[in-house]
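Student: One structure, pasted below without further comment.
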Amino acid sequence: MSGPSAADGGRVTYWRVLFVVSATLLVLALLCFAFGQAPHAVLARAFAGTWGTPYGIGQVMFKATPLLFCGLAFHVAFRAGLFNIGAEGQLALASLAAAWVASKLPASVPAVVALPATLAVAMLVGGGYAAIAGVLRARFGVHEIIAGIMLNRSADVLLPWVLAAGLGADSMRSADIAQGARLPRLDFIPGLHGSAASLAFPLAVLCTFGLYLWLDRSRAGREMRWIGQGPDACLAQGVEVPRRRIEAMCLSGAVAALGVTGTVLGYKGYYELGLGSGAGFSGIAVAMLGRAHPVALVSAALLFGTLAQAGLAVNASVPKEAMAVLEALVILLVAGSAHGDRARRARPGRAKPPAPDAPAEPSLDAPAEGAPSPGSTA
């Protein structure tokens, strides 16, 4: 039941990135002609507003941070064969909870206490909200996509009510958080002063590599991958499929909640209605584009962060909505190229035999150390 090797998956992903970027640039040129602008001039302004200056790089990192966390969250659930499309609501509720807790902390609380406490609350709320969809799927057979849609809509209704009635916030924003709960800005890097970049982006990168390593090396991570490949076979081997699915959704929601580091803790210093909106849905495309390797996932988040920042940089020449068109195009291209990869692998005679000295892929027929033996029962 093993899939393509990690090396093959990585090569396919990078070719997919190259194809998506090339097609995006082509459509951008056509949009520039449609609005009477020279493509090279618009691209020059877009580059100057993103990767052409240190300030632009900081803004790209800021916009990529919640996308990276939400993409990683989707990847965690996807490993277990689940689609967590509820990251939008999970991040929003976790942001509000984290901002409320951080605003109640005394000003004298040091960062070594305030930050872990705030992040723990955010992860508990995000993971708990995602657990609802996990329990509905594992115990009652309700598809997590349907549950995720309903939970997102429920969060849209809950947030204004909690802000207005629960917190008494007439301006649809929370109180300012304690100084100890704020993440430091990257002002010590020359040129980044004034940008919204903070330590949230390096934290997101570290979490990405750490979680990929945990999913590949731990027993729980391997079982989640096996469940994604074949839940019935896992049940026959004694793997507790319902429990692992709930754990995967909880972990996915907790990771999505960490997007609060880039929005509330590292930028605004408070939560306002709509802060971080869209990251949960764009994170799905980030995960599908870069799921084979953590470097690819980080690159995909930076790509979407670049498109978002470029839309602001060229807004005087090309409407910002044009960048929304490009983002939608990227999502379609990612979905189409992924389908093409699966069709290519499914063709008879396309599969390549592994190298004689290559390590065997983990499979259900040969469980890794610590996994249940084939003879055990559920």
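Nothing in this text is a laboratory measurement; each read-out follows from the coordinates by a stated rule. These numbers were taken from a predicted model, which means no experiment stands behind them. Using ideal geometry, Cβ is built from the backbone for each residue, glycine included, and neighbour counts are taken over all protein chains shown.
Student: Applying the Karplus parametrisation 6.51 cos²θ - 1.76 cosθ + 1.60 with θ = phi - 60° to the phi angles of the stretch 238-247, what ³J(HN,Hα) value in whole Hz is obtained for each residue in order, glycine and proline being reported as x?
Tutor: For the stretch 238-247, the Karplus curve yields x, 6, 7, 4, x, 5, 5, 5, 5, 4 Hz.
Student: Shifting gears a bit: Under a 5 Å amide H to amide H cut-off, with H placed in plane at 1.01 Å, what residues pair with SER198 once short-range neighbours are removed?
Tutor: Counting only residues 5 or more places away or on other chains, the set is LEU186.
Student: Roughly how large, in nm² to one decimal, is the mean projection of the convex hull of the alpha-carbon atoms in the stretch 99-179?
Tutor: 6.4
Student: Using a ≥ b ≥ c from the Cα gyration tensor of the stretch 6-343 (square roots of the eigenvalues), is it rounded, prolate or oblate, where a/c under 1.5 gives rounded and otherwise the larger of a/b and b/c decides, a/b for prolate?
Tutor: oblate
Student: Once you have the Cα-Cα distance between ALA120 and SER154, take 0.36 nm times their residue separation minus that, and quote the gain in nm to one decimal.
Tutor: Numbers: separation 34, 0.36 × 34 = 12.24 nm, distance 2.27 nm.
In short, 10.0 nm is gained.
Student: Still on this structure: Taking square-rooted eigenvalues a ≥ b ≥ c of the alpha carbon gyration tensor, is the stretch 42-168 rounded, prolate or oblate, where a/c under 1.5 means rounded and, failing that, a/b exceeding b/c means prolate? Mind dumping the intermediate values first?
Tutor: Details: a/c = 1.93, a/b = 1.20, b/c = 1.61.
Since a/c reaches 1.5 but b/c is at least a/b, the shape of the stretch 42-168 is classed as oblate.
Student: Nearest 0.05, what FRET efficiency do ASP187 and ARG139 give at R0 = 51 Å with Cβ-Cβ as r? Let's see the in-between values first.
Tutor: Details: r = 49 Å, r/R0 = 0.95.
About 0.55, to the nearest 0.05.
Student: How far apart, in nm, are two points set 7 Å out from the Cα along the Cα-to-Cβ line at TRP51 and at SER317?
Tutor: Between TRP51 and SER317, the simple spin-label model gives 1.7 nm.
Student: What whole number of Å gives the distance from the Cα centroid of the stretch 18-77 to the Cα centroid of the stretch 205-282?
Tutor: 26
Student: Which number comes out as Rg/Rh for the stretch 224-340 once both Rg and the Kirkwood Rh are worked out on C-alpha atoms?
Tutor: So for the stretch 224-340, dividing Rg by the Kirkwood Rh gives 1.07.
Student: What's the long-distance tail for the stretch 135-235, i.e. % of Cα pairs beyond 19 Å?
Tutor: I get 72 percent for the Cα pairs in the stretch 135-235 exceeding 19 Å.
Student: Send over the semi-axes of the stretch 186-246's equivalent ellipsoid, whole angstrom and largest first, taken as the square roots of 5 times the C-alpha gyration tensor eigenvalues.
Tutor: So the equivalent ellipsoid measures 40, 10, 7 Å along its semi-axes.
Student: Also, I was wondering about something else. Express in nm, to one decimal, how much length is gained between LEU332 and LEU18 on full extension, taking 0.36 nm for each residue of separation and deducting their alpha carbon distance.
Tutor: Here the answer is 111.6 nm.
Student: Okay, next question. 7 Å from Cα along Cα→Cβ at both TRP161 and LEU235: what's the point-to-point distance in nm?
Tutor: 3.7
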